[in-house]
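All of the numbers you see were taken from the coordinates with simple rules; none came from a lab. Given the structure is predicted, the values throughout are model-derived calculations rather than measurements. Backbone-built Cβ (ideal geometry, glycine too); neighbour counts: all protein chains shown.
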Amino acid sequence: MTKGRSLVERRELLTEIRQRLLKAHGQRLRGVVLYGSEVRGEARPDSDIDLLVLLDGPIDYSRDLRTNINALYDLVLALERPISAKPVDIAAYETAAYPLYRNAKAQGVIA
């Protein structure tokens, strides 16, 4: 296991991701939460980058996921790491409706 990115590098990456998603989703984008091994400093070179993409609902999961994939595709190629960018209704995230959301709220970094 490697130490992974520094806090500054994670923030820069998260800012880049947010800018790309803002361009794709416009005003529906309410935030991006980085969570998982990248935040804990446990990411390996083959680890994916876990994100929750917070959107004003309603969510059309297939359409919104495709939008995320298209927006981040060039970045995935440049990083040579997969990015998992799950679209999430901001209201469900704020109420911590699922364990994943509770964990992301507790440990994640938001942009």
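General remarks:
- Whole-Hz couplings from phi, Karplus 6.51/-1.76/1.60, listed for region 57-69; x for Gly and Pro: x, x, 8, 9, 3, 4, 5, 5, 5, 4, 4, 4, 4
- Overall, region 38-111 carries a charge dipole of about 140 debye about its Cα centre when +1 sits on the Cβ of Lys and Arg and -1 on the Cβ of Asp and Glu, all other atoms neutral.
- Candidates Thr95, Thr67, Thr15, ranked by Gaussian network fluctuation over the chain, Cα under 10 Å, top entry: Thr95
- Extension gain, Glu42 to Ala92, is 15.2 nm, computed as 0.36 nm per intervening residue step minus the present C-alpha separation.
- The chain: C-alpha gyration tensor shape, a/c 1.5 cut-off, then a/b vs b/c: oblate
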